[in-house]
Each structure stands twice: as C-alpha cells, then as structure tokens.
1. Just the number please: accessible area per residue for the chain, 1.4 Å probe, all protein chains included, in Å².
2. Compute the Cα gyration tensor for the stretch 1-48, then decide on rounded, prolate or oblate, letting a ≥ b ≥ c be the square roots of its eigenvalues: rounded whenever a/c is under 1.5, prolate when a/b is larger than b/c in the other cases, and oblate in all that remain.
3. Among Gly35, Cys10, Ile55, whose Cα lies farthest out toward the positive end of the dipole of the chain, if unit charges sit on the beta carbon of Lys, Arg (+1) and Asp, Glu (-1)?
4. Run the simple label-point estimate for Ser47 and Ser23 please: 7 Å along Cα→C-beta, distance reported in nm.
5. Name the residue, out of Val32, Val62, Val14, whose mean-square fluctuation peaks in a Gaussian network model built on the chain with Cα pairs under 10 Å.
6. With charges only on Cβ, +1 for K and R and -1 for D and E, what is the dipole size of the stretch 24-73 about its Cα centre, in debye, rounded to 20?
7. Would you work out the charge dipole size for the chain about its Cα centre, treating the Cβ of every Lys and Arg as +1 and the Cβ of every Asp and Glu as -1, and quote it to the nearest 20 debye?
8. In the chain, which trypsin sites (Lys or Arg not before Pro) fall in coil by DSSP and have 15 or fewer other Cβ atoms within 10 Å?
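The values are calculated or read from the model by the stated rules, or taken from the named source; none is laboratory data. Computed from a predicted model, the values in this text were never measured in an experiment. Methodologically, a virtual Cβ is constructed for each residue, glycine included, from the backbone with ideal geometry; neighbour enumeration extends over all protein chains shown. Quick note on the areas: whole protein, heavy atoms, side chains included, nothing else; ligands and nucleic acids left out. Shrake-Rupley method; radii C 1.70, N 1.55, O 1.52, S 1.80 Å.
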Amino acid sequence: PIVGVGGVGCGHDVYEKLKAGASLVQVYSMMVYEGPGVVSRIRHELSEIMLENGIRSVEDVVGLDHEDIYMRKRLERIKESRSTESVIIDE
C-alpha cells in the first residue's frame, strides 16, 4: 500500500493523493491545528469532489492518474464482485 503523507489540509489534497496512487492518507498536522473535527470537514469536501466527478467509491479514485494501476485494480474489483454474485437460473 502507498500512504499519502504531508500537506493534507482539505479534501482536494486527499483527492490528489488518492489519484496519485495512495490507498491511505495521513492527516496529522491539521489535527494538531484544528482538532479532530478536521477529519469530518475533509471527508465532506472529498465526498463533494467525488460526486462532482461522478465517483461513488474511494476505491475508484486510487491510482486514477496512472491508467495501468487504475485499470488493474478496477479489473480485480470487478472480478471479485462477480465471483461473489449469486446466479439464478430459471428453468
């Protein structure tokens, strides 16, 4: 896993780190300056950015700037979801 660290103060910062390939983002300094409520603010900002871009899952953001990483992960998620689907055969 890649961890995005440093300079995280808003939802846009988190979105950029996720697009770059981070699957986890550390928020430390802003918590010191603003307190734990900053996490809710950042989550809200991130969700707004994602909805504006038609993205509903954080997993779909990870690696978005790197087509090879993004497509590999996307195909893995599709394969996994299909393997857990129930199949109903109507005879």
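1. That works out to 74 Å² for each residue.
2. oblate
3. Checked the options; the winner is Gly35.
4. Distance between label points: 2.4 nm.
5. Largest GNM mean-square fluctuation: Val32.
6. Dipole size: approximately 200 debye.
7. 260 debye
8. Answer by residue number: Arg56.
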